[in-house]
Amino acid sequence: MPHPPRLSPSSHPWNGLPGPRPDPVAALQRIGSFLHPTPLEEVPDWPGGISGPVRVKPEWRQVTGSFKVRGAASFLTSLSKAERRRGVVACSSGNHGLAVAHVAARMGTPATIVLPEGVDPVKVEGIRKAGARLVALETGYDDAEAHALEMARDEGAVFVSPFDDPAVIEGQGTLALEILEECPEVARVVLPLSGGGLAGGVGLALRDLAPGVEVVAVSAARARVMLDSLEAGRPMERPEEPTLAGALSGGIGRDNRWTFPLVARVVDRHAVVEEVEIARAMRRLHALGMRVEGGGAVGMAALWSGRLPPVGGPTVVILSGGNVSPRLLEELQGPPAGSG
Ligand SMILES: *Cc1c(COP(=O)(O)O)cnc(C)c1O
């Protein structure tokens, strides 16, 4: 077993963590009006590919183009009026910034988004259009986050973590409720892993509501800080590498409080995919009419690369986002989607 097995399956995965247990049912009531419905879709079998029924949760169709709007809306709707008036600050390589900017604008809350270097221009444009103040830095994610935290402190604003926060985790967990409602017979949920808000929230909700469902977290080989941290038993830091799965880049935070222990407890299986596998999955999804970014395609990449053993029931794969520049998609169209 190359990857760390899930810890302490017998006790509740939130035990010992600070703050009240996330309640995705309550979160869904708070944030429902911010969401588009994203009903599950069937993915036809690819020759030589997957066996068994596979459905996708098309969060690339979600408001702001990713599931991140769930966590952002959950966080902002749990702030007090006074906190909202002082405004929010987020640091993001894209989707989290887009989501916070969008939700803040709808709620009339001032938002500042700090951008590290190398952010997809499509995402920057979206954040600007949403009306947020932009602070672009020439640094990697960790330094940019430190800057954002400082700004929040100086301005009396609230910092919105992209993943390491109970309200954010609770918001991402609403995905599990929708999946269970539409596909109660689901045997396995496959999702991308970066900071672990998505895996932690969905995994926690599934432990509570459908403990038999296998939770599979997929990392990009060039953005596997969480997996390295789990293997080391403590939060690690890694230099950032360029990857098609840019949404999965960035650290898990030196002072990670929630998602590191949570992911260790709720994820049953890990898989790692290489760049060529991500590119191929993006091409195939595109051929099926699904515009999915690299970070959103790693789950299908793992399945289509035969990295997951068969399971005794339907698999649901979360296609977490679709904010990809048309130029990149075009560049990927090189060889036909069935080969390579
Ligand atoms: C943020 C993001 C992820 C990873 O979510 P974490 O909660 O950081 O693990 C996956 N896919 C997309 C498209 C994202 O924006």
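Looking only at the range 294-326, count how many residues are in contact with a helix residue (DSSP H, G or I) (Cβ under 6 Å, 6 or more places away or on another chain), within 16 Å of the ligand (Cβ to nearest atom) and assigned to a loop (DSSP other than H, G, I, E, B).
4
Quick one: Pro235 ticks every box in (1) touching a Gly at 6+ places or on another chain (Cβ under 7 Å); (2) under 18 Å from Ala271 (Cα atoms); (3) free of Cβ contacts under 8 Å to residues at least 40 places away in the same chain bar one, so which box is it?
All conditions pass for Pro235, except number (2).
Hey, His36 hits all of (1) under 20 Å from Arg188 (Cβ atoms); (2) part of a loop (DSSP other than H, G, I, E, B) but one; which does it fall short on?
Result: His36 passes all but (1).
Filter the range 64-92 for residues that are more than 17 Å from the chain's Cα centre (by Cα), within 21 Å of Gly200 (Cα to Cα) and in a helix (DSSP H, G or I); which is farthest from the ligand (Cβ to nearest atom)?
Thr77
Out of (1) buried (at least 24 other Cβ atoms within 10 Å of the Cβ); (2) touching a helix residue (DSSP H, G or I) at 6+ places or on another chain (Cβ under 6 Å), what's the single condition that is false for Asp164?
(1)
Of the numbered conditions (1) within 16 Å of the ligand (Cβ to nearest atom); (2) free of Cβ contacts under 8 Å to residues at least 40 places away in the same chain; (3) crowded, with 18+ Cβ neighbours inside 10 Å, Val213 satisfies every one except a single condition; which is it?
Only one criterion is unmet by Val213, namely (1).
Can you find a residue in the range 257-276 that is closer than 23 Å to Gly65 by Cβ and away from the ligand (no atom under 14 Å from the Cβ)?
Yes; the residues of the range 257-276 include at least one that is closer than 23 Å to Gly65 by Cβ and away from the ligand (no atom under 14 Å from the Cβ).
Within the range 217-260, take every residue that is aliphatic (A, V, I, L, M) and in contact with a Phe, Trp or Tyr (Cβ under 9 Å, 6 or more places away or on another chain) and give me the one that is surrounded by the most Cβ atoms within 10 Å (Cβ to Cβ).
Met226
Quick check on the range 256-307: of everything there that is in contact (Cβ under 8 Å) with a residue 60 or more places away in the chain and of a type in the set (Asp, Glu), which residue is farthest from Asp164 (Cα to Cα)?
Glu293
Tell me which residues, restricted to the range 216-240, are within 12 Å of the ligand (Cβ to nearest atom) and of a type in the set (Ser, Thr, Tyr).
Of everything in the range 216-240, just one residue is within 12 Å of the ligand (Cβ to nearest atom) and of a type in the set (Ser, Thr, Tyr), namely Ser219.
What is the number of the single condition among (1) on the phi > 0 side of the Ramachandran plot; (2) within 16 Å of the ligand (Cβ to nearest atom) that Trp60 does not meet?
Trp60 satisfies all of (1) on the phi > 0 side of the Ramachandran plot; (2) within 16 Å of the ligand (Cβ to nearest atom) except (1).
Every number here is computed from the coordinates shown, using simple stated rules; none is lab data. Quick caveat: nothing in here was measured; it's all calculated off a predicted structure. Quick reminder, even Gly has a Cβ in these numbers, built from the backbone with ideal geometry, and neighbours come from all protein chains shown.
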